[in-house]
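The values are calculated or read from the model by the stated rules, or taken from the named source; none is laboratory data. Small disclaimer: the values here were computed from a predicted structure and weren't measured. Positions of Cβ are backbone-derived with ideal geometry, glycine not excepted, and every protein chain shown enters the neighbour counts. Quick note on the areas: whole protein, heavy atoms, side chains included, nothing else; ligands and nucleic acids left out. Shrake-Rupley method; radii C 1.70, N 1.55, O 1.52, S 1.80 Å.
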Amino acid sequence: MTNKSLKKKKMFMDQNIESKIKDFIINDRILDLKKYLNSFAKDFSLSILYFHTAKLLTQYNYLAEAEEFYRKILFNDPYDKFTIAGLGVLLSAQAGREDEALEYLLDAVKLDPKQSELNRIIGYIYSDKKKYFQAKRFYEKEFEILRKKSLEPNPQMIVQYGTACSQVGDINNAMEYHEKALKFFPNVIEFYGEMIFTLSHSEYFNDFMVNDIAKRCIQTSIYNHDFYEKHSQEIREITNKNDYLSSNKIKVGILSGSMHGNNAERFVSDIIEYLDYSKVDLYIYYTGNQYDFLTNKFERLSSSFKQLKHGEHLKNAQVIAEDGIHILLDTVGYMKGQNLTIFSFKPAPIQCLGYGYWGTSGLKEMDYIFLTNGCVSSELAESYCEEIIGLSAFYYNTLFKGLKILTPPNGRKGYITFGCQNRMQKVNKKVLALWAEILSRVENSKLLLTISDDSGNFAKNTHDFLSSCGIDSSRVLILNGYTGLSYLEIYNQIDIVLDPFPFSGGCTSFDALSMGKPIITYRYPSTVLGRITSDFLEEMSLSELIADSQEDYINKACDLASQAKRINYYHNIIPDKYKQSKFGSAQFCGEELQHKIEWMFRQKFGTLPWENNRYRTSS
């Protein structure tokens, strides 16, 4: 708007027209409002009146009417930067119109790069789209605008910026902004989860640090508050009345907010198919709001499926307690969809964490945690609040079956292709430096990486770093946008998979093995997550692929690359080894879970329901 328009804006406010417009809006007299505005056509610019009216309509949630007034202005003045910005902000608040909003907001910042708030909203939209490189860039533009104006950033933007940094592998910035976010929101458990997720990708982290963050979280967000003891007492009043030995089955509850599109939950859904339902009643408590084939599967397998509203911790705990659940399983921990506050109220006499999280919950109310045998040292075990129950294996099964496995590509192409399809956050500079050394030692070899979303930054930064290590960009292929079946087919283009560290592959390693690919992994000494792939390989009797040092990692990769017959040998044996392993058997893992359920019940109650004399007499 011009300076002349801004003067009219002041006149508009001085003449108190705003209060009359508000009166029309509050009383839902939109047609009268339009007539009233038209009466000022001779005295004021209608665009000024329309602009302020649109803002007021937005304030009172008349979004369609507000959009109409914004578009009337743009019809006469398509380059009015304030109106373009206002319409973009309006559209950004409406579900399903994010792309339209983005178009207007990007135009607005081109017309006036110094407008505050717009870059922040653009960043939010890109974050929702999981386009974290773009989100990070616009958050940084907003920070710069605010810095020049000596203004503090919106706390929510600090949170979002930390998340964006984490997702693109900028670990140092991510940790700094996670800490800043916790100063604003010290009681938000999800932000501690963000910090744990970020820290797990850092070469400086260890499992003691993760467990310390969890304990700090629970103390700050739960134990330090009056509601904790008050609500816990209310739940105890319910559980104390329950006769837990009156049932002829063990009531097992699973509480999660991520029973949709989540790999850990998918594995759990396969495992629980093999529970002994003559001895177990399964109750599912879902605090999410998205549904897919996985949600439907949980519902099908359960005796009772209950949709609970996320955030209603006391009410949800009451529902669980009143159901008389014996064992309540948390499959999420600090990851997305967490429900730790509910567990703190102890709605079940036995509570166990497992499958979707590896560290302590920090809760004294969490009795057990499932971890694979030997994955934590005795010293680390002491930092857990839970008693550790060892499992022989964690199950995995690829979502895509029957895909044709081609012979290793080196036989067709005449050179070795190394590859990695892990998340970009896992591919840090130390990992890239080792890969560069491998490429320099293996003549004519190439490196193939895949990423699900990129604005060019990750690819460019990776090429630049490897170039600085003497690796020509023609030897590095970075593919963008491969997901699902197409992602799995990429393994047919790879001879040898290189595992990252300190956060090794999980699902990606399982998938690589299912496609017959040997994986060179470094058994990272200080973290459970750094030993996931090595656990798989040991179970499959492929420990010769496990390195115990970074130099050993390089040597094993180069040695294997020089042996085409050995690569073909792995290609032939690994798929069958994978299928025959405990990791590939839902039945084995389900039967083991059944055994652990019975063991936990007996530890608590001294007998199993079907062994209970009182039940046998009454029945």
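For S361, nonlocal amide neighbours, meaning residues 5 or more places apart or on other chains whose placed amide H falls under 5 Å from its own, are C385, E386.
Loop-resident trypsin sites (Lys or Arg not before Pro) (DSSP state other than H, G, I, E or B) in segment 223-268 with no more than 12 further Cβ atoms inside 10 Å of their Cβ: K241. Our note on the geometry: Cα centres of segment 553-614 and segment 200-235, 31 Å apart. A DSSP coil position with no more than 12 other Cβ atoms inside 10 Å describes the following trypsin sites (Lys or Arg not before Pro) in segment 92-127: K114. Here the label points at E144 and K34, each 7 Å from Cα along the C-beta direction, are separated by 4.3 nm in the simple model.
Quick one: length gained pulling Q580 to K364 fully straight, 0.36 nm per residue minus the C-alpha distance?
73.9 nm
Taken along the Cα-to-beta-carbon direction at a fixed 7 Å, the label points for D292 and E379 span 4.1 nm.
Couplings for segment 530-543, taken from phi via the Karplus curve 6.51 cos²θ - 1.76 cosθ + 1.60 with θ = phi - 60°, read x, 10, 4, 5, 5, 4, 4, 5, 5, 4, 8, 6, 10, 5 Hz in order; Gly and Pro are left as x. Database remark: amide H of V280 closer than 5 angstrom to the amide H of I250 (H placed geometrically; neighbours at sequence offset of 5 or more, or on other chains; Pro and chain starts carry no H). Taking the accessible area of segment 287-330, probe 1.4 Å, and keeping the other protein chains in place, the carbon and sulfur fraction comes to 47%. For segment 304-396, the alpha-carbon coordinates run over 38, 29, 24 Å along the three principal axes, in decreasing order. Can you work out the FRET efficiency for the pair T407 and R566, with r the C-beta to C-beta distance and R0 = 22 Å, to the nearest 0.05? E between T407 and R566, to the nearest 0.05, is 0.95.
If R0 is taken as 30 Å, the Cβ-Cβ distance between S541 and R602 corresponds to a FRET efficiency of 0.30.
Taking only protein heavy atoms and a 1.4 Å probe, the accessible area of segment 358-433 is 51% carbon and sulfur.
Exposed loop sites, defined as GluC sites (Glu not before Pro) outside DSSP H, G, I, E and B with at most 10 other Cβ atoms within 10 Å, are absent from the longest region of the chain, namely 1-381. For segment 101-225, the Cβ-based charge dipole about the Cα centre amounts to some 260 debye (Lys, Arg positive; Asp, Glu negative; other atoms uncharged). What is the distance in Å between the Cα centres of segment 134-168 and segment 267-289? About 42 Å separates the Cα centre of segment 134-168 from the one of segment 267-289. Helical content of the chain, expressed as a calculated mean residue ellipticity at 222 nm, amounts to -15500 deg cm²/dmol (DSSP H runs of 4 or more residues, -39,500 (n - 2.57) each, divided by residue number, nearest 500). What's the carbon and sulfur percent of segment 512-600's accessible surface, probe 1.4 angstrom, rounded to a whole number? Using a 1.4 Å probe with all protein chains present, segment 512-600 comes out at 46 percent carbon and sulfur.
Rolling a 1.4 Å probe across the protein heavy atoms gives segment 465-585 an accessible surface of 37 Å² per residue. Residues of the chain were split at every exposed loop site, defined as chymotrypsin sites (Phe, Trp or Tyr not before Pro) in a DSSP loop with at most 12 other C-beta atoms within 10 angstrom, and the longest piece left, sites excluded, is 205-619. Charging the Cβ of each Asp and Glu at -1 and of each Lys and Arg at +1, and nothing else, the dipole of the chain about its Cα centre rounds to 1480 debye.
Between the C-alpha center of segment 300-348 and that of segment 427-454 there is a gap of 43 Å.
Note the full-extension length gain between S467 and E203 as 0.36 nm times their separation in residues minus their Cα-Cα distance, in nm to one decimal.
92.8 nm
For N242, no residue whose modelled amide H falls within less than 5 Å of its own remains once neighbours fewer than 5 places apart on the same chain are excluded.
Report, in degrees rounded to the nearest 10, the 0 to 90 angle that the Cα long axis of helix 171-184 makes with the longest principal axis of the chain. Approximately 60 degrees, to the nearest ten. Between I122, Y161, F133, whose Cα lies farthest towards the positive end of the dipole of segment 70-186 when Lys and Arg beta carbons carry +1 and Asp and Glu beta carbons carry -1, centred on the Cα centre? The residue sitting farthest along the positive end of the dipole is Y161. Across the options T341, I327, T239, the greatest Cα extent toward the positive end of the charge dipole of segment 188-342 (unit charges at beta carbon of Lys, Arg, Asp, Glu) belongs to T239.
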